[in-house]
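Peer 1: Please read through the structure below; I'll follow up with questions.
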Amino acid sequence: MLFSTFLESVVKIKNLELSGEDSHAKMSPPYRLELAEKMKSKSETARKAAVMALFYPNTNDETYLVLILRKTYRGVHSAQIGFPGGKYEDEDQNDLMQTAIRETEEEIGVSRMHIDVLKKMSPIYIPPSNFMVHPYIGISKEYLIFTKQDEEVEAVIEVKLKDFLSDSNTLTATVPTSFDVEVDVPAFKFNNHIVWGATAMMLGEIKDLLKQVL
């Protein structure tokens with residue numbers, strides 16, 4: 001989809017209600033709901049984080065979404081696909097939208113001056129790391145040249161909007177979990193990368209929202 005066409009329609013999401021758990025459930029790993037229920041009391045005091053689903057044009061005015069491949073490290077999100085984003089810091093002044101913008105600037109080099117935030121999506125709790133993550137949909141009208149933060153980002157992944165919206169890229173994948181077992185989970189496949197877990201759940205809600213206006 002041409003970015004100019006995308007811009008004309010996407011602003012309509014501001015007035016739409018979020019589908020939250022209904023969308024999340026479609027992309028949820030089978031064990032997740034039970035785990036989240038067991039840790040419900042802990043989620044109320046979880047650490048805060050925010051991420052950015054950033055849409056932008058390429059040089060041919062085609063619409064893209066940016067994701068990142070995280071570095072391999074000793075942690076529960078090692079080598080996983082996610083959004084640019086991270087934990088809340090005091091400098092964000094009690095504004096999680098600023099967390100998402102700041103982290104996007106730090107991790108993939110997009111100036112905050114080029115990010116317009118359209119909508120806050122439903123927060124989602126991450127039991128293994130005890131974070132409550134707040135996603136935002138952002139727009140950049142600029143053609144972007146990404147500069148990744150080498151300490152945290154292995155690669156920047158540019159996904160065409162048409163591939164994101166295509167149901168043919170939804171599948172079931174067998175993945176390792178933080179419990180040292182492999183499970184079958186609903187997932188997306190973009191550019192030969194498997195996207196599952198909380199990122200897939202957030203993407204599912206964004207996809208459901210966008211399909212109402214595009």
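Peer 1: If the requirement is being open to solvent by 30 Å² or more (accessible area, probe 1.4 Å) and either in a loop (DSSP other than H, G, I, E, B) or in contact (Cβ under 8 Å) with a residue 24 or more places away in the chain (or both), which of these qualifies: 125, 143, 56, 136?
Peer 2: Testing whether each residue is open to solvent by 30 Å² or more (accessible area, probe 1.4 Å) and either in a loop (DSSP other than H, G, I, E, B) or in contact (Cβ under 8 Å) with a residue 24 or more places away in the chain (or both) leaves just 143.
Peer 1: Right, here's the next one. Which residues, taken from the stretch 100-130, are farther than 19 Å from residue 69 by Cα and in contact with a strand residue (DSSP E or B) (Cβ under 8 Å, 6 or more places away or on another chain)?
Peer 2: Correct list: 115, 116, 117, 118, 119, 120, 121, 122, 123, 124, 125, 130.
Peer 1: Mind listing whichever residues of the stretch 37-65 are of a type outside the set (Asp, Glu) and under 22 Å from residue 170 (Cβ atoms)?
Peer 2: 51, 53, 54, 55, 63, 64, 65
Peer 1: Here is a further query. Using the structure shown, decide if residue 158 is open to solvent by 40 Å² or more (accessible area, probe 1.4 Å) and touching a residue at least 60 places away in the same chain (Cβ under 8 Å).
Peer 2: yes
Peer 1: Would you point out the residue of the stretch 186-201, among those that are touching a Phe, Trp or Tyr at 6+ places or on another chain (Cβ under 8 Å) and over 24 Å from residue 132 (Cβ atoms), that is surrounded by the most Cβ atoms within 10 Å (Cβ to Cβ)?
Peer 2: Checking each candidate, the answer is 190.
Peer 1: Continuing with the same structure: Looking for whichever is more than 19 Å from residue 34 (Cβ to Cβ) and among the acidic types (Asp, Glu) here; the options are 158, 182. Which one fits?
Peer 2: Unique residue meeting the criteria: 158.
Peer 1: Let me ask you something else. List pairs: first in the stretch 187-201 and hydroxyl-bearing (Ser, Thr, Tyr), second surrounded by fewer than 24 Cβ atoms within 10 Å (Cβ to Cβ), Cβ under 7 Å, 6+ apart or cross-chain?
Peer 2: 199/82
Peer 1: Among the numbered conditions (1) under 24 Å from residue 207 (Cβ atoms); (2) surrounded by fewer than 19 Cβ atoms within 10 Å (Cβ to Cβ), tell me where residue 112 comes up short.
Peer 2: The number of the failed condition is (1).
The values are calculated or read from the model by the stated rules, or taken from the named source; none is laboratory data. These numbers come from a predicted model, not from an experiment. All Cβ positions, even for glycine, are placed from backbone atoms using ideal geometry, and neighbour counts span all protein chains on display. Side chains included, ligands, DNA and RNA excluded: accessible areas come from the protein's heavy atoms. Shrake-Rupley method; radii C 1.70, N 1.55, O 1.52, S 1.80 Å.
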